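These notes concern the structure reproduced below.
The values are calculated or read from the model by the stated rules, or taken from the named source; none is laboratory data. What you see is a predicted model; the values in this text were computed from it and never measured. Reconstructed Cβ throughout: ideal geometry from the backbone, glycine too, with neighbour counts over all protein chains shown. Areas reflect the complete protein model, heavy atoms only, side chains present, ligands, DNA and RNA absent. Shrake-Rupley method; radii C 1.70, N 1.55, O 1.52, S 1.80 Å.
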Amino acid sequence: MTYGWSVVAVPLVVAVLAATLGRALGTRVALLAALAPAWVLAVGVAASARVLGGEEGVLASGSVEWLGAGLTAGWAIDGLTALMLVVVGLVALLVVVFSHGYLCADEALPRYFGALALFTAAMSTLVIADGFLGLFIGWELVGVCSYLLIGFWFTKPEASAAAVKAFLTTRVGDVGLLLALALLWREVGDLSYAAVFAAVPQLNAATVSAVAVLLLVGAAGKSAQFPLHIWLPDAMEGPTPVSALIHAATMVAAGVFLLARAWPIVGASADAQMLILVIGGFTALAAAGAAGAQRDIKAVLAYSTISQLGFMFAAIGAGAWVVAMFHLVTHAAFKALLFLGAGSVIHATGSQRLEAMGGLARKMPLTTTTWLIGAGALAGIPPLAGFFSKDEVLHAVVGADLGWGVMLFAASALTAFYVARTTVLVFFGSYRGAGEPHEGGWDLRVPLVVLAVAAAGLGFAGGPISELAGGHHGEIDLLVASIATALAILGIAVGALSAWRPKHGADVTKLAFVGPLRWARNGWGFDEIVALFITRPACVTARAFDRIVDRGLIDRAVDGVGAFARLVGRGYSALQGGDTQWYATMLGAGTVALLALVAYLGRGV
């Protein structure tokens, strides 16, 4: 564990080698790329074993001075770090394996696997940091990697636009995080977790609340929470394995990790906790409603991810940050499973549209079985993993605020609705697409099986997961669990019914809810709101500044200087006519003028 920093160094080296030697290796570059997450996973497992074996506190640490500014960027491995390293390493490794089969024909594999390895290094930097400075460095690096991977097919205009949108939207949240760090530096003079958390009791309440709210802004941007959630649905333009890694299991969970890591600050501000609860609860319900109206399988999962992250935020707002981390781990398993399952379906059918699927249960039994496990976990069906973690979230939120608890129950029912609707449209009925779908190779199937085992069994590991996170595992509340299960069953029944297609082929949900469905399918119009009140005014203002200030003032001033210089140059050039008599005359006149000046200056001597 002395070399804990290697979870950053090894992926960085792999990223460089993949980018430089990838073309020579061909498809074997995937084997090289797999070394990065495999090493991170190995270190995470070893560290987890030590924590669960009874070791407490920081297992290993180190630091270096940052840019000679009195700051240090250090690393430390404790239980929470070990837990995140296992999640990052396992999911990233399975994504690399899946990508080997999914993108085997793509000519840009070296760039792809290099970016995956770089992302692994960036995410490891974020989670092993011993202070906010190191976290911020990793935070920005994962944003850059997300931009590169969302825009992997950059020749496709939609992918390029989605990458830019994700980058700019998350930068808004990053400004909040940076301001929080600036405020902490001013008040504490140190950005290490130990120094900041020790100083929290001495800070005034307004400062603590301001820092906590600014941290929430950063977390909301990275974890796609209202109102900074609009980038995630568009990010599905990237390759599907990227969605499984970045937009389901790791990067979008960074916001939850930040709030959990900074709990001594967040927990000291009741106002910030309430704001986190409100944002999380609203996002969970609104995104679940939008997911139920989508026609694209990846769009369903994108809104589902936003909703489930809302559950985690709500748990943190309720004071149950350990529960949020438990749900983060189980969600990483079943949502990565669902995204890779969607990738298997897309690979087989050549389409993401639900209208071009159906009847795949007979053609792709392994994908169907693993999908059903992931779908059941997402819906909260016992005894799958999502049932246990979601039950704890609901129990914590109901105990903190009954109104928001009811909202999460409604979001839970909607979750079961959209997952059942999607499952029926994809796997049951008759096939509505083209070609003859079939299972992929071993590299597409093995990750599905591994993640299905995790999605089925992680609920029973709540104790160890909570211990690694730094807290205690709660007991199941039978009343909450019963209500949640009943709502899940009701949601599944309604969702399956809504996906039933009569002979004329219409989705019965369209018969009664055409207007609301269109609104929900459009993400409740948040993109249009942002465009109307932010994007368009910003563009109009930028064009006005360009026309009036840049071109009208700055450019004209610069052009005027150039014009004046040319005018003076033309005047002086007239003196260089080549006439000897003129030169002699000018020389004489100059001599007389100099003598007159000397005489004038020396008259008083």
(request) Could you tell me which residue of the range 401-451 is nearest to Gly101 (Cα to Cα), considering only residues that are of a type in the set (Lys, Arg) and part of a helix (DSSP H, G or I)? (result) Arg445
(request) Consider Phe98 carefully, then state whether it is open to solvent by less than 40 Å² (accessible area, probe 1.4 Å) and either within 30 Å of Gly471 (Cα to Cα) or at pLDDT below 90 (or both). (result) no
(request) Kindly provide the set of residues from the range 138-160 that are open to solvent by less than 60 Å² (accessible area, probe 1.4 Å) and farther than 18 Å from Leu103 by Cβ, ordered by number. (result) Gly138, Trp139, Glu140, Val142, Gly143, Ser160
(request) Spot the failing condition for Ala42; the list is (1) small (Gly, Ala, Ser); (2) free of Cβ contacts under 8 Å to residues at least 60 places away in the same chain; (3) in contact with a Pro (Cβ under 9 Å, 6 or more places away or on another chain), and only one is missed. (result) (3)
(message) Can you pull out every residue in the range 196-242 that is over 30 Å from Val530 (Cα atoms) and touching a strand residue (DSSP E or B) at 6+ places or on another chain (Cβ under 8 Å)?
(response) Val196
(request) Scan the range 216-231 and give yes if some residue there is surrounded by fewer than 18 Cβ atoms within 10 Å (Cβ to Cβ), within 16 Å of Leu275 (Cβ to Cβ) and not acidic (Asp, Glu), otherwise no. (result) yes
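One line per residue, one yes/no per condition, for (1) over 21 Å from Leu285 (Cβ atoms); (2) open to solvent by less than 10 Å² (accessible area, probe 1.4 Å); (3) in contact with a Ser or Thr (Cβ under 6 Å, 6 or more places away or on another chain):
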| site | (1), (2), (3) |
| --- | --- |
| Ala299 | no, no, no |
| Ser304 | no, yes, no |
| Gln308 | no, yes, no |
| Ala315 | no, yes, no |
| Ala318 | no, no, no |
| Met325 | yes, yes, no |
| Leu328 | no, yes, no |
| Phe334 | no, yes, no |
| Leu340 | yes, yes, no |
(request) Name every residue in the range 30-45 that is within 10 Å of Gly114 (Cα to Cα) and surrounded by fewer than 24 Cβ atoms within 10 Å (Cβ to Cβ), in order of residue number. (result) Leu32
(request) Mind telling me which of the residues Val188, Val200, Val213, Val175 ends up being touching a Pro at 6+ places or on another chain (Cβ under 8 Å), surrounded by fewer than 22 Cβ atoms within 10 Å (Cβ to Cβ) and not charged (D, E, K, R)? (result) Val200
(message) Residues that are open to solvent by 50 Å² or more (accessible area, probe 1.4 Å), modelled with pLDDT under 90 and of a type outside the set (Lys, Arg): does the range 357-364 have at least one?
(response) no
(request) May I ask you to verify whether Ala220 is touching a residue at least 40 places away in the same chain (Cβ under 8 Å), assigned to a helix (DSSP H, G or I), touching a Pro at 6+ places or on another chain (Cβ under 9 Å) and among the hydrophobic types (A, V, I, L, M, F, W, C)? (result) yes
(request) Could you run through the range 508-523 and say how many residues are modelled with pLDDT of 50 or more and open to solvent by less than 70 Å² (accessible area, probe 1.4 Å)? (result) 5
(message) If Pro464 meets every condition in (1) open to solvent by less than 30 Å² (accessible area, probe 1.4 Å); (2) assigned to a helix (DSSP H, G or I); (3) not polar (S, T, N, Q) apart from one, which number is that one?
(response) (1)
(request) Working only within the range 386-406, note down all residues that are surrounded by 24 or more Cβ atoms within 10 Å (Cβ to Cβ) and of a type in the set (Val, Ile, Thr). (result) Val393, Val397
(message) I need a count of the residues in the range 103-117 that are assigned to a helix (DSSP H, G or I) and either under 30 Å from Ala195 (Cβ atoms) or out of contact with any helix residue (DSSP H, G or I) (no Cβ under 8 Å at 6 or more places or on another chain) (or both).
(response) 0
(request) State which residue pairs qualify: first residue under 23 Å from Leu214 (Cα atoms) and among the charged types (D, E, K, R) and inside the range 159-178, second residue open to solvent by 20 Å² or more (accessible area, probe 1.4 Å) and assigned to a helix (DSSP H, G or I) in any location, beta carbons under 8 Å apart, and separation of 6 or more residues or different chains. (result) Lys165/Asp234; Asp174/Glu140
(message) Going residue by residue through the range 118-136, is there one that turns out to be out of contact with any Cys (no Cβ under 7 Å at 6 or more places or on another chain), at pLDDT 90 or above, surrounded by fewer than 19 Cβ atoms within 10 Å (Cβ to Cβ) and assigned to a helix (DSSP H, G or I)?
(response) no
